[in-house]
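The block underneath contains the structure these notes are about, expressed in structure tokens.
The values are calculated or read from the model by the stated rules, or taken from the named source; none is laboratory data. All figures in this text were calculated on a predicted structure; none of them were measured in a lab. Cβ atoms come from the backbone with ideal geometry, glycine included; neighbour counts cover every protein chain shown. Protein only, heavy atoms only, side chains kept; ligands, DNA and RNA dropped before computing areas. Shrake-Rupley method; radii C 1.70, N 1.55, O 1.52, S 1.80 Å.
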Amino acid sequence: MIPADDPDNPEETIDDVVEIERGLIFNRFLTTYQWTLHSGNYTTNDGEPFTTPYTSMETIYSRSLISLDCRYSPAGCHLTLEVDYPPEEDTESVRALLDSLSDHWPDNDLLTDDLPFDVIGAIAGLGIQLQPEHRLRGWIEEGDASTLISLYYVVANNDANTPQEADERVRALLSPYSRSPHEDIRYIVKLLAERHDLLDLAEATEA
């Protein structure tokens with residue numbers, strides 16, 4: 001997440017997103033064109049302006065699609081990295097590469113051993129820190145509401161979800177925190193539960 005200096009204007013963090021996008025454009029493992037840029041301005045066929053939450057590019061060899069999803073809350077800009085890729089069959093070599101990089105890139109063990117090699121290079125060149133879910137949940141238990149929002153975006157914006165599946169995954173995410181001792185966490189649970197019509201869960205935060 002990119003924290004916002006002004007909670008009333010979290011979109012100001014787009015300047016930091018632009019820096020990440022520049023890094024993508026000059027990443028040697030990615031193509032020189034982009035499918036979409038979050039910082040870009042687009043128009044429909046009717047001339048209506050619109051923007052997209054995604055910055056997405058293809059890798060140069062395997063043609064995997066790497067997308068960075070950018071969502072805003074008063075806490076700042078929440079970034080989710082998504083990769084659509086053809087699995088690499090030589091998983092032993094992939095794991096050997098990741099192991100050789102472990103001293104310089106300790107969180108690379110979060111990556112699966114069927115990622116194409118150019119995807120690994122592209123992610124390494126992003127310059128963003130990968131976070132394991134158990135670490136994020138630990139921060140939530142300590143009262144970090146912004147991390148709960150970030151995990152919510154990961155769950156709710158998964159394109160593979162049907163609306164019903166999204167609601168079920170949101171319930172599974174929020175339920176352990178409905179009785180949190182931290183007021184900020186309960187407040188976020190209530191807001192997100194109401195957004196998905198999980199009214200029993202919203203009420204549980206006030207019990």
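Numbers for the structure displayed
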| read-out | value |
| --- | --- |
| Contact order relative to length of the stretch 57-143, as percent, for alpha carbon pairs under 8 angstrom and 6 or more apart | 24 |
| List THR205, THR43, THR91, ordered by accessible area with a 1.4 Å probe, largest first | THR43, THR91, THR205 |
| Length added when fully stretched, ASP197-ASN157, from 0.36 nm per residue minus Cα-Cα | 12.8 nm |
| Cα centroid of the stretch 9-32 to Cα centroid of the stretch 59-134, whole Å | 16 |
| Efficiency of FRET from Cβ geometry, GLU142 and SER175, R₀ 22 Å, rounded to 0.05 | 0.75 |
| Accessible area (Å², 1.4 Å probe, nearest 10) - VAL155 | 20 |
| Unit charges on C-beta of K, R, D, E only; dipole of the chain, Debye | 20 |
| Pairwise label distance in nanometres, THR44 with LEU65, each label 7 Å out on the Cα-Cβ vector | 2.1 |
| Rounded FRET efficiency, nearest 0.05, which uses the C-beta distance separating ALA96 from ILE128 and R0 of 30 Å | 0.80 |
